[in-house]
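*Asks:* Quick one: this structure, given as structure tokens, is what I'll be asking you about.
The values are calculated or read from the model by the stated rules, or taken from the named source; none is laboratory data. Since we're looking at a predicted model, the values are computed, not measured. All Cβ positions, glycine included, derive from the backbone under ideal geometry; neighbour counts span all protein chains shown.
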Ligand code: SF4
């Protein structure tokens, strides 16, 4: 069988650019694996690619603008004589569907978050010169059958999607509209994949979902998330377990207990507060108060005293006063975040908060963001400095940019650079921390 003059055995080049969260990173890996059956091999260069896919994010206006600018840059590649298929997947594709063809007339392929499994068939159609678009939403049962399987790729650390979608409808968030309702993957499938990963040399797994701690709650016969973690911890060969992202209101005491009971569970939790003010948390429809959030943090610190807490914070939410903002800063101090993703509020179509009156100027919001980030720089450096002199278990991931050094991550997800033989890659080694910076640590192999 011949496709556009290429034998199916001759490799065609696939370039994927991923925007947004780890779920998109994971989906891009799935795309690479799905497209192997059409003889596509990944390349780092869009100019040599036969198929270019932008896996998109629309969580903030900035992320969306970046995608449209990139599509603008790629237009020139479509002008040459060589045939290049240009596709858009992910959240913008789900939201826009074939309206994207109007906005970007040189686009060949649009596939939403629920159409990933159709990608090979859609690319085949695009190879025949058809323009194809799919952005249907699937029901939960169908989606449960379509969680992508692990594809034996190399690596020490892998993501494993355990659930998708979200039912929380935080007033600012587009995710429930582009990823759909919450659906949990069958635990038997998750555990089978992780066992196979362990046999293939994977040492660390990160369980992934928009709200992992509501895993299984709506699936009779399945364990809850704490139960799932306990089963993963029993798999030989897996030495480290991480998970992301958690919602504070679903952080159960049985999940908190896992931090004291499971040695393999890394001492890191990403628990987004989004604001430190009760008034704003209510307007955000987050479902917890500042006090409840801090109580969960206290319980986590009791379960694992050295736990590193990271989070997300939105600055300039409609109606945020200076007093609300100062409560966010004081929450940051109380928690002592190891790191924080912080953003200026971005109104998203379809969400409730897009209709809230917004009295703050762009400049006021930027000024608050800059104060918040300075506060976080100080907290991150202090947290890293507190590790100087300690001995940390580091999973070696690769060679550092600085020659002669390798790098890895502590259980608390801090990057450590240290001089050692790259042959240690994939091993967990003991490293003494000798110096701290804002974003990384310097260590000595013990
Ligand atoms: S929990 Fe809230 S912020 Fe997180 S994905 Fe769901 S709606 Fe969005």
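*Asks:* Enumerate the pairs (first residue in the range 250-274 and at pLDDT below 95; second residue anywhere and part of a helix (DSSP H, G or I)) with beta-carbon separation below 7 Å, excluding pairs fewer than 6 apart on the same chain, so at least 6 apart or on different chains.
*Replies:* Here the result reads 250/213; 250/214, each pair linking the range 250-274 to a residue that is part of a helix (DSSP H, G or I).
*Asks:* Within the range 277-291, is even one residue in the same structural domain as residue 198 (by TED's automatic domain parsing), more than 17 Å from residue 212 (Cα to Cα), surrounded by 19 or more Cβ atoms within 10 Å (Cβ to Cβ) and more than 16 Å from the ligand (Cβ to nearest atom)?
*Replies:* yes
*Asks:* I've got another one for you. Is it the case, given these coordinates, that residue 217 is at pLDDT 95 or above and either touching a helix residue (DSSP H, G or I) at 6+ places or on another chain (Cβ under 8 Å) or part of a loop (DSSP other than H, G, I, E, B) (or both)?
*Replies:* Considered against the rule, which asks whether it is at pLDDT 95 or above and either touching a helix residue (DSSP H, G or I) at 6+ places or on another chain (Cβ under 8 Å) or part of a loop (DSSP other than H, G, I, E, B) (or both), residue 217 comes out as no.
*Asks:* While we're looking at this one, here's another question. Suppose we filter 186, 181, 158 for residues that are within 16 Å of the ligand (Cβ to nearest atom) and touching a residue at least 24 places away in the same chain (Cβ under 8 Å); which single one remains?
*Replies:* The match here is 181.
*Asks:* Moving on to the next point. Collect the residues in the range 376-392 that are buried (at least 16 other Cβ atoms within 10 Å of the Cβ) and under 24 Å from the mean Cα position of the chain (by Cα), keeping them in residue-number order.
*Replies:* Once the filter is applied, which keeps residues that are buried (at least 16 other Cβ atoms within 10 Å of the Cβ) and under 24 Å from the mean Cα position of the chain (by Cα), the range 376-392 yields 376, 379, 380, 383, 384.
*Asks:* Could you go through the range 56-74 and let me know if any residue there is out of contact with any helix residue (DSSP H, G or I) (no Cβ under 9 Å at 6 or more places or on another chain), outside any helix (DSSP H, G or I) and on the phi < 0 side of the Ramachandran plot.
*Replies:* Yes, there is a match, as at least one residue in the range 56-74 is out of contact with any helix residue (DSSP H, G or I) (no Cβ under 9 Å at 6 or more places or on another chain), outside any helix (DSSP H, G or I) and on the phi < 0 side of the Ramachandran plot.
*Asks:* Let me ask you something else. For the range 143-164: of the residues being modelled with pLDDT of 80 or more and more than 19 Å from the chain's Cα centre (by Cα), which is surrounded by the most Cβ atoms within 10 Å (Cβ to Cβ)?
*Replies:* 143
*Asks:* Would you say residue 135 is away from the ligand (no atom under 16 Å from the Cβ) and crowded, with 17+ Cβ neighbours inside 10 Å?
*Replies:* Spelling it out, residue 135 is indeed away from the ligand (no atom under 16 Å from the Cβ) and crowded, with 17+ Cβ neighbours inside 10 Å.
Let's see how each residue does on (1) touching a residue at least 60 places away in the same chain (Cβ under 8 Å); (2) under 30 Å from residue 63 (Cα atoms); (3) assigned by TED's automatic domain parsing to the domain that holds residue 281; (4) buried (at least 17 other Cβ atoms within 10 Å of the Cβ):
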{"residue": "347", "(1), (2), (3), (4)": "yes, yes, yes, no"}
{"residue": "364", "(1), (2), (3), (4)": "no, yes, yes, no"}
{"residue": "374", "(1), (2), (3), (4)": "no, yes, yes, no"}
{"residue": "412", "(1), (2), (3), (4)": "yes, yes, no, yes"}
{"residue": "419", "(1), (2), (3), (4)": "no, no, no, no"}
{"residue": "425", "(1), (2), (3), (4)": "yes, no, no, no"}
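*Asks:* Determine, yes or no, whether residue 196 is in the same structural domain as residue 255 (by TED's automatic domain parsing), farther than 30 Å from residue 78 by Cβ and touching a residue at least 60 places away in the same chain (Cβ under 8 Å).
*Replies:* Numbers: in the same structural domain as residue 255 (by TED's automatic domain parsing): yes; farther than 30 Å from residue 78 by Cβ: yes; touching a residue at least 60 places away in the same chain (Cβ under 8 Å): no.
So residue 196 does not fit the description; no.
*Asks:* Could you tell me which of the residues 230, 242, 192 is modelled with pLDDT of 95 or more, surrounded by fewer than 22 Cβ atoms within 10 Å (Cβ to Cβ), more than 16 Å from the ligand (Cβ to nearest atom) and part of a strand (DSSP E or B)?
*Replies:* Answer to the selection: 242.
*Asks:* Take the residues of the range 35-49 that are more than 26 Å from the chain's Cα centre (by Cα) and free of Cβ contacts under 8 Å to residues at least 40 places away in the same chain: which is surrounded by the most Cβ atoms within 10 Å (Cβ to Cβ)?
*Replies:* 39
*Asks:* For the range 171-181, give me each residue that is within 29 Å of residue 409 (Cβ to Cβ) and assigned to a loop (DSSP other than H, G, I, E, B).
*Replies:* Hits for the range 171-181 are 173, 179.
*Asks:* Looking at the structure I just gave you, is residue 368 touching a helix residue (DSSP H, G or I) at 6+ places or on another chain (Cβ under 6 Å), in a helix (DSSP H, G or I) and under 30 Å from residue 327 (Cα atoms)?
*Replies:* Judged against the criteria, residue 368 is a match.
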